[in-house]
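**Student:** Here's a structure for you.
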Amino acid sequence: MWKSTYKKIYKKIKEYDTIVIARHVGADPDGLSSQLALKEIILNSFPDKKVYAIGYPASKFKYLGTLDKFTEEMYEDSLLIVVDTPDYRRVDGADPKKFDYCIKIDHHPFMEKFCDFEWIDADASSAAQMIVELVFNTKLNLTKSAAEKLFIGIVADTNRFLFYYTTPKTFRLVSKLLEETNIDFTKLYEKLYFRPLNEIKFQGYITNNFEITENGVASILINDDVLKDYEIDAPTARNMVGNFNYIKEIKVWLIITEEKEKKTFKGSIRSRGPIINEVATKYNGGGHVFASGVVINEKEQIAELVRDLDDVASSYDDSLS
């Protein structure tokens, strides 16, 4: 189905001597693993190229690798590959418009075109899955280390293959990944789910302080002081949204953190039925139908967001409740 797409992307990678790989703001395992693995794969295939993975890091995922510091010189005669990012404003670390050529590789529903060439597959489980697919359909050389990163990305975005967008294709690609690299995936689960005690205590704080609407929308705003008290950074706090699946009384849940320096609030939203991405787009965000993010400029908008999500939840028939 995507043969011409694989060929086009590979041709551009081969063409440019300098390649920059970016992802969305708010680091998560899929975005990080996709860009870091792709960097490693390109360098293994073309050792003479300069390849950089850029963006703001998250300490929680430092086991995936180290990001490169972006410099203005990287714009010159360079190829930008943006992974796991559906819209222009959420690209972290660089301006796609300033590069010589830009490629998007993304599994979110289409939001806007901002690259010269875009490979969008909303049926893919993750950006990591798309990188695996690209490698297996081109002459790019996969390394064992890159395979480990990509496995983590797929597992994280599918929540261990539990989510609806896990498809037979996902399992076929993962099976081939394991067969060709013989990675120890049990050890990789440890890396992904191993947590310090302060995070467990912080999860308890979230559980005890969620506010829940009549229609099952659970929300919490975590201010900067609380983050400091628990020694948790904001991206780590928001990524804990994945720890609250399958609670009977909750249909939709969101964790919002204060970004004190930027004077904004960022939120991660999850759902086990109500469609939330249309609401998220109203608040400078978007994403999947059951997993989205938002950026809020005024604190008062948080209550509006909760009300909008509550309206969506109220019309959802939940047979499990």
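**Student:** Taking the condition in contact with a helix residue (DSSP H, G or I) (Cβ under 9 Å, 6 or more places away or on another chain) and either on the phi > 0 side of the Ramachandran plot or free of Cβ contacts under 8 Å to residues at least 40 places away in the same chain (or both), does ASN182 pass?
**Tutor:** So ASN182 fits the description; yes.
**Student:** Name the residues in segment 225-239 that are more than 15 Å from THR264 (Cβ to Cβ) and in contact (Cβ under 8 Å) with a residue 40 or more places away in the chain, would you? Break it down into steps so the answer makes sense when it comes.
**Tutor:** At the first step, the residues of segment 225-239 found to be more than 15 Å from THR264 (Cβ to Cβ) are 225-226, 228-233, 236, 239.
Selection gives ASP233, THR236, ASN239.
**Student:** If ILE183 passes every condition in (1) among the aliphatic types (A, V, I, L, M); (2) more than 20 Å from the chain's Cα centre (by Cα); (3) outside any loop (DSSP other than H, G, I, E, B) but one, which one does it miss?
**Tutor:** Every listed condition holds for ILE183 apart from (3).
**Student:** Against the condition over 17 Å from LYS7 (Cα atoms) and without any contact (Cβ under 8 Å) to a residue 12 or more places away in the chain, how does LYS98 come out, does it pass?
**Tutor:** Details: over 17 Å from LYS7 (Cα atoms): yes; without any contact (Cβ under 8 Å) to a residue 12 or more places away in the chain: no.
No; evaluated as a whole, the condition is false for this residue.
**Student:** Count, please, the residues in segment 71-103 that happen to be under 18 Å from the mean Cα position of the chain (by Cα), surrounded by fewer than 17 Cβ atoms within 10 Å (Cβ to Cβ) and within 17 Å of ILE13 (Cβ to Cβ).
**Tutor:** Residues in segment 71-103 being under 18 Å from the mean Cα position of the chain (by Cα), surrounded by fewer than 17 Cβ atoms within 10 Å (Cβ to Cβ) and within 17 Å of ILE13 (Cβ to Cβ): 0 in total.
**Student:** Any chance segment 158-168 includes a residue that's among the charged types (D, E, K, R) and surrounded by 13 or more Cβ atoms within 10 Å (Cβ to Cβ)?
**Tutor:** No - not one qualifying residue is present in segment 158-168.
**Student:** Can you tell me which residue in segment 191-219 is nearest to ARG270 (Cα to Cα), limited to those that are among the charged types (D, E, K, R) and surrounded by 11 or more Cβ atoms within 10 Å (Cβ to Cβ)?
**Tutor:** Here the residue is GLU199.
**Student:** What number goes with the only condition from (1) out of contact with any Leu (no Cβ under 7 Å at 6 or more places or on another chain); (2) under 18 Å from ALA58 (Cβ atoms) that ALA234 does not pass?
**Tutor:** Failing condition for ALA234: (1).
**Student:** Within the bounds of segment 127-142, is there any residue that is touching a helix residue (DSSP H, G or I) at 6+ places or on another chain (Cβ under 7 Å), more than 17 Å from TYR6 (Cα to Cα) and outside the structural domain of MET240 (by TED's automatic domain parsing)?
**Tutor:** No, segment 127-142 contains no residue that is touching a helix residue (DSSP H, G or I) at 6+ places or on another chain (Cβ under 7 Å), more than 17 Å from TYR6 (Cα to Cα) and outside the structural domain of MET240 (by TED's automatic domain parsing).
**Student:** Here is a list: TYR63, TYR10, TYR56. Which entry is in a loop (DSSP other than H, G, I, E, B) and either touching a Ser or Thr at 6+ places or on another chain (Cβ under 6 Å) or assigned by TED's automatic domain parsing to the domain that holds SER145 (or both)?
**Tutor:** One residue alone meets the criteria, TYR56.
**Student:** Mind checking which helices (runs of 4 or more DSSP H) fall wholly inside segment 192-276 and carry at least 3 residues that are charged (D, E, K, R) and on the phi < 0 side of the Ramachandran plot?
**Tutor:** In segment 192-276, the matching helices (runs of 4 or more DSSP H) lie at 224-230.
**Student:** Scan segment 240-294 residue by residue and report those that are within 16 Å of GLU304 (Cα to Cα) and among the acidic types (Asp, Glu).
**Tutor:** Passing the criteria: only GLU278.
**Student:** Restricting to segment 269-298, what's the tally of residues that are in contact (Cβ under 8 Å) with a residue 40 or more places away in the chain and among the acidic types (Asp, Glu)?
**Tutor:** Of the residues in segment 269-298, 0 are in contact (Cβ under 8 Å) with a residue 40 or more places away in the chain and among the acidic types (Asp, Glu).
Results for (1) without any contact (Cβ under 8 Å) to a residue 24 or more places away in the chain; (2) β-branched (Val, Ile, Thr), shown as yes or no for each residue.
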{"site": "ASP116", "(1), (2)": "yes, no"}
{"site": "THR138", "(1), (2)": "no, yes"}
{"site": "THR143", "(1), (2)": "no, yes"}
{"site": "ALA146", "(1), (2)": "no, no"}
{"site": "PHE151", "(1), (2)": "no, no"}
{"site": "THR158", "(1), (2)": "no, yes"}
{"site": "PHE163", "(1), (2)": "no, no"}
{"site": "THR167", "(1), (2)": "no, yes"}
{"site": "LEU173", "(1), (2)": "no, no"}
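**Student:** Go through segment 82-131 and give me each residue that's closer than 22 Å to LEU142 by Cβ, outside any helix (DSSP H, G or I) and of a type outside the set (Ser, Thr, Tyr).
**Tutor:** First, the residues of segment 82-131 that are closer than 22 Å to LEU142 by Cβ: 82-84, 103-107, 119, 121, 124-131.
Those still in the list that are outside any helix (DSSP H, G or I) too: 82-84, 103-107, 119, 121, 124-126.
VAL82, VAL83, ASP84, ILE103, LYS104, ILE105, ASP106, HIS107, TRP119, ASP121, ALA124, listed by residue number.
**Student:** Right, next: Would you mention how many residues in segment 149-170 are of a type outside the set (Gly, Ala, Ser) and either within 10 Å of ASP30 (Cβ to Cβ) or not in a loop (DSSP other than H, G, I, E, B) (or both)?
**Tutor:** Residues in segment 149-170 being of a type outside the set (Gly, Ala, Ser) and either within 10 Å of ASP30 (Cβ to Cβ) or not in a loop (DSSP other than H, G, I, E, B) (or both): 11 in total.
**Student:** Any idea which residue in segment 66-78 is nearest to ASN198 (Cα to Cα), counting only those that are out of contact with any Ser or Thr (no Cβ under 6 Å at 6 or more places or on another chain) and among the hydroxyl-bearing types (Ser, Thr, Tyr)?
**Tutor:** THR66
The values are calculated or read from the model by the stated rules, or taken from the named source; none is laboratory data. Predicted model, so just to flag it, every value in this text is computed and none were measured. Note that each Cβ is placed from the backbone with ideal geometry, even for glycine, and that neighbours are counted across all protein chains shown.
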